[in-house]
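Accompanying notes for the structure given below.
The values are calculated or read from the model by the stated rules, or taken from the named source; none is laboratory data. Owing to the predicted nature of the structure, the values given are computational and were not obtained by experimental measurement. Glycine gets a Cβ as well: all are built from the backbone with ideal geometry, and neighbour counts include every protein chain shown.
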Amino acid sequence: MHPLLNAHGCPAARLICRNRSATRIFGKECSKHRAILIPPSWEGDNSEYSLEAAAKYPDLFAVMGRIPIDKPEGRVMVETWKDQPGMLGVRLTFHHAWDQDWIKNGVADWFWPAAERLNIPVMMNAPTVLPEVAQVAARHPNLRIIIDHMGRLRGMKDETLRLDKTIALAKYPNVHVKLTLISECTSAEYPYKNIQPEVRKLIDAFSPRRSFWGTDLSVMLSRSTCTYGQAVTLFTEEIGYSKEDQEWIMGRGLAACLPWPVK
């Protein structure tokens, strides 16, 4: 069985580094898991803490860091981005008032061909600009794109959870999706049966090989009653995919995409 790989571990590394043990935070089984660290947007374009965690625990953590695509120095930084130990790619946000237009007004235009040329995978939180993401995916077919949080607009919940705009991106083979913040999408108790059909619809559109499990743990724990264990068993016991499909969803697919092979 491929070890579990959490596609969105932000910013749990702080807790783990300070406590020196993953088992103190998540339990014994989590000591076998790996996580991609996503520096939070409220810290700005700073990946230092996450890189410190990856250096301290290289078998446990790797980083998708933030780069200032709106500043001249970003064009210089991208050329050696993956030379940083533990850095696998870039994570961008297009969901704030100050950055959501960057994908429309030309600010980000330089970045897509550079990332494609340098083989840098890109995670992005872009729920309001998914049609523009589709245009990027079409123009840059060798650019690996991973959509955060199922592409869900904040506030979508229960019967208003509709992921059709994200599903429309499944036709692009270079686009993938993170299955994060699921517990925030429902007022039902675990295992969130009222939204399982919509989540399955999304996974079936992209296929388990392009659908990546994750938690965004700090948000999950602060906004819901979901435990880390439940975030795992929702996919390994409840949603109903085969063992092979579970392996792809729970880590093998993301490890192959980034790539971050198990040593």
Checklist entry - Which of the helices (runs of 4 or more DSSP H) contained wholly in the stretch 152-263 include at least 3 residues that are within 21 Å of Thr93 (Cβ to Cβ)? => result 217-223
Next on the checklist: Suppose the filter is closer than 18 Å to Thr227 by Cα, among the β-branched types (Val, Ile, Thr) and surrounded by 21 or more Cβ atoms within 10 Å (Cβ to Cβ); does Thr180 pass it?
Outcome noted: yes
Checklist outcome for this item: Residue pairs qualifying under the 7 Å Cβ cut-off, at least six apart or on distinct chains, with the first in the stretch 25-51 being within 19 Å of Gly86 (Cα to Cα) and of a type in the set (A, V, I, L, M) and the second being part of a helix (DSSP H, G or I) and modelled with pLDDT of 85 or more, are Leu37/Ser50; Leu37/Ala53; Leu37/Ala54
Checklist entry - crowded, with 22+ Cβ neighbours inside 10 Å and of a type in the set (Val, Ile, Thr): does that describe Ile146? => result yes
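One line per residue, one yes/no per condition, for (1) touching a Leu at 6+ places or on another chain (Cβ under 8 Å); (2) more than 18 Å from Ser47 (Cα to Cα); (3) modelled with pLDDT of 95 or more:
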position	(1), (2), (3)
Trp81	yes, no, yes
Gly89	yes, no, yes
Gln100	no, yes, no
Met124	yes, no, yes
Thr128	yes, yes, yes
Pro131	no, yes, yes
Val136	yes, yes, yes
Arg154	no, yes, no
Glu159	no, yes, yes
Checklist outcome for this item: Sole miss for Ser187 among (1) buried (at least 22 other Cβ atoms within 10 Å of the Cβ); (2) touching a helix residue (DSSP H, G or I) at 6+ places or on another chain (Cβ under 6 Å) is condition (1)
Next on the checklist: I'd like to know if the stretch 54-77 contains one or more residues that are assigned to a helix (DSSP H, G or I), more than 14 Å from Trp260 (Cβ to Cβ) and modelled with pLDDT under 95.
Outcome noted: yes
